[in-house]
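Undergrad: First the structure, then my questions, so here it is.
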Protein chains: 2
Amino acid sequence: MATIPPHEDSRFGLRRQVRLTGPLRLDSGAMLGPVDIAYETYGAMNADRSNAILICHALTMDQYVASEHPVTGKPGWWWRLVGEGKPIDPARHFIVCANVIGSCLGSSGPASIDPATGEPYAMRFPVITIADMVRAQAMLLDHLGVDRLATVIGGSMGGMQALTWPTLFPDRVESCIVIASTARHSAQNIAFHEVGRQAIMADPNWRGGDYYADGVTPGAGLAVARMAAHITYLSEAGLTEKFGRRLQGRNAKTFGFDADFQVESYLRHQGLSFVERFDANSYLYITRAMDYYDIAEDHGGSLARAFTASKARFCLVSFDTDWLYPTAESRVIVHALHASGAQASFVELSSPFGHDAFLLECPELNRVVDGFLKGGRA
Amino acid sequence: MATIPPHEDSRFGLRRQVRLTGPLRLDSGAMLGPVDIAYETYGAMNADRSNAILICHALTMDQYVASEHPVTGKPGWWWRLVGEGKPIDPARHFIVCANVIGSCLGSSGPASIDPATGEPYAMRFPVITIADMVRAQAMLLDHLGVDRLATVIGGSMGGMQALTWPTLFPDRVESCIVIASTARHSAQNIAFHEVGRQAIMADPNWRGGDYYADGVTPGAGLAVARMAAHITYLSEAGLTEKFGRRLQGRNAKTFGFDADFQVESYLRHQGLSFVERFDANSYLYITRAMDYYDIAEDHGGSLARAFTASKARFCLVSFDTDWLYPTAESRVIVHALHASGAQASFVELSSPFGHDAFLLECPELNRVVDGFLKGGRA
């Protein structure tokens, strides 16, 4: 096991990457090794090793949960929830956030070198699942000497990982916070992802995924995929409030095909800026993992049965304008948890921001997370 | 004015195309001429010329409202509502349905020959609006000797045209039926269309729209556009009921990127089959027309004011699972109509089929339309 030396972040936290020999046995049956994991940590483990919190990230996010993104220069994606004086605080918690396998921010993914060929895996990277991401995180925690998690927490795909944790490692999770998420991907969820994948694969620069050598990437297809997905992250009311039918620039229709409406310009920007920070093949692999995700399916069709060995406390949060993973999906989880005998609290928060609410200004979310975390230590 | 001779359809109705010299002055200020209009008629005008019904079609539909589509061989798209013994019946009504300008089924559109160059217009075709489509229909009715419409009816974009008719030609419309539609395109509506347009324009075969010469069309981009749009035509519950997470073929995950889930295969099929019957440039032009659509905007911001000169009766229908043009949009129209002093009835129907419900089995829709049409003759 060779550890690449950590280097200090400019703000706080440690930027690290570790190469674990593994191999990791995946749900597909394939073996992945070595397993690179890029991660950030904040704070320090306490004496009784009881303050570790694992934060799981969403589809296009990364390990920079509370530190500056190296490409975009933006603050950590959950700075509102994680940081000094925040509900998850490095002064009290040992915080770990790792880039999921399949991604492109330093953990093993399609852009990684396949040791068998010395070339990037591209589409020869094995198809992974949400459970595989969790197993890789467990390998990282082994490496860090973290036996038990005080809490595992995540929103959206991060919530899928958080919810999977106690099903795979019931003895390692004391509490679990699942925000704006679901226990299985619905037909509509799969459909939107399939549009994105088809957009990428339709781009002639995709070339079956083998585009790493010359750096000519399927950016146009990836941008379209991002645009389609981005609409699902916002609420209809939020879009109307933010953009309505307002026109660009000189406030007149051009009777052409440029971005006349502000919402068109905004979407195009979302697509283009995404291409600069994300790998198209990783987008294929991670959306596939999400589509395969169905915790009940892996437990004979019973979601409750998945949690019978767990002793964790659960906290579920949904947002009223989230139509990607609507409140009903969280209710399904809560009912199953109660049926399994687990302690589970649930709150639907009100927000105009749709699915993206978990990343945006929402003081109630901070209060709920803070209360749940402190309730565990009372 | 040269009329191309009509020829009999194999079933019933007349398949016709007319070249009107025009020119038609468009909302953009451009002049379009000649104006080709392909249309179907069913039934005959009665003695007092009081039985004419104009049916307006949706984005990707056509004039074959109740007769076989020449490319797909499928029955007319509204055969459930239009035909012998149906609410709109050629035995009683003189029924007209015309392909909208901008489309590709015989009416003037980007694939038409530009008389100035002798080449297809492609993206040199002028940008059109919903009102322009209506003005071209009015030219056709002039040609056919139809002064007044007993009814103008349409669903989705057809409803936009139907609702626009009494605002432009208040003396020519006795009643108006608007189904699953809206008085303006919302930011979310525009956003989904923009994804489709970007998918088409990102296809290298699009070539700025000049792809007619060699027949190599931007099919991949158009298929992605159709897939994204198609999701918005269905309800989440409908998709779940129809497909859920059911797998293809041997009922096992392949851990690859083929269409594992039935919903993926279905969407891919929708995309591919659409490419065979529709022109990508027409898709750009018609979605643009829909995005520009806002009746209130054209009347100083007041929707009610648009109808002050109208004496028409109105019938509005929405579907409870339609999230593309939800019931709230129909309510806005009804309130404006009432404010303008118009007689307007409104019903929200229950259907599992989302926006597509107006095209699918819905006996209540037939009863509502039948009752409204007969109420007018009592």
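Each reported figure results from applying straightforward, stated rules to the coordinates on display, with no laboratory input. Predicted model only: the values in this text are computed from it and were never measured. Cβ: placed from backbone, ideal geometry, glycine included. Neighbour counts: every protein chain shown.
Undergrad: Mind checking the dipole of the range B:19-150: about its Cα centre, +1 per Lys or Arg Cβ, -1 per Asp or Glu Cβ, Debye to the nearest 20? Mind showing how you got there, number by number?
TA: Details: 10 positive and 13 negative charges, 38 e Å.
Using only the charged Cβ atoms, the result is roughly 180 debye.
Undergrad: With the convex hull built on the Cα atoms of the range A:267-315, state its orientation-averaged projected area in nm².
TA: Mean projected area of the Cα convex hull: 5.8 nm².
Undergrad: How high is the FRET efficiency from A:ALA116 to A:ASN205, r the C-beta distance, R0 35 Å, rounded to 0.05?
TA: On the way: r = 25 Å, r/R0 = 0.72.
After rounding, the FRET efficiency stands at 0.85.
Undergrad: Shortest first, in nm, what separates the label point of A:PRO204 from those of the same position in the other copies (7 Å along Cα→Cβ)?
TA: 0.3
Undergrad: Rounded to the nearest 5, what % of the DSSP beta bridges within the protein assembly as shown are antiparallel ones? Please list the in-between numbers first.
TA: Values: 44 of 96 bridges.
Rounded to the nearest five, the antiparallel share is 45 percent.
Undergrad: For chain A, give the share of DSSP beta bridges that are antiparallel, in percent and rounded to the nearest 5; count only bridges with both residues there.
TA: 45
Undergrad: Sum -39500 (n - 2.57) across every DSSP H segment of at least 4 residues in chain A, then divide by the residue count to get the 222 nm mean residue ellipticity, nearest 500.
TA: Estimated from H runs of four or more residues: -10500 deg cm²/dmol.
Undergrad: Using 7 Å Cα-to-Cβ label points, what is the A:LYS374/A:THR308 separation (nm, one decimal)?
TA: Modelled inter-label distance: 3.8 nm.
Undergrad: In chain A, if every C-alpha pair distance is counted and binned at 10 Å from zero, what percent goes to each bin?
TA: 5, 23, 34, 26, 9, 2, 0
Undergrad: Moving on. With chain A treated as a Gaussian network of Cα nodes joined by springs under 10 Å, which of A:THR72, A:THR167, A:THR41 yields the largest mean-square fluctuation?
TA: It is A:THR72.
Undergrad: Moving to a separate point now. In Å, what is the Rg of the alpha-carbon atoms in the range B:8-106, and how long is Dmax?
TA: Just the Cα atoms of the range B:8-106 yield Rg and Dmax of 14.4, 44 Å.
Undergrad: Extension gain B:ASP142-B:HIS338, at 0.36 nm per residue separation less the Cα-Cα distance, in nm? Kindly include the intermediate steps, with their values, before the conclusion.
TA: Numbers: separation 196, 0.36 × 196 = 70.56 nm, distance 3.03 nm.
Working it through step by step, the gained length comes to 67.5 nm.
Undergrad: Right, here's the next one. How large are Rg and Dmax for the protein assembly as shown when only the alpha carbon atoms are used, in Å?
TA: Using the Cα atoms of the protein assembly as shown, the pair Rg, Dmax is 28.5, 97 Å.
Undergrad: Something else now. Show me the chymotrypsin sites (Phe, Trp or Tyr not before Pro) within the range B:206-294 that DSSP assigns to loop and that have at most 11 other Cβ atoms within 10 Å of their Cβ.
TA: Here no chymotrypsin sites (Phe, Trp or Tyr not before Pro) fit, given the DSSP loop and packing criteria.
Undergrad: In addition: Rounded to the nearest Å, what's the spacing between the alpha carbon centres of the range B:28-84 and the range A:311-378? Just the number, please.
TA: That distance is 51 Å.
Undergrad: Further, regarding this structure: Kindly state, to the nearest 0.05, the FRET efficiency for B:ARG49 paired with A:ARG246, given R0 = 56 Å and r defined as their beta-carbon distance.
TA: The computed FRET efficiency comes out at 0.80.
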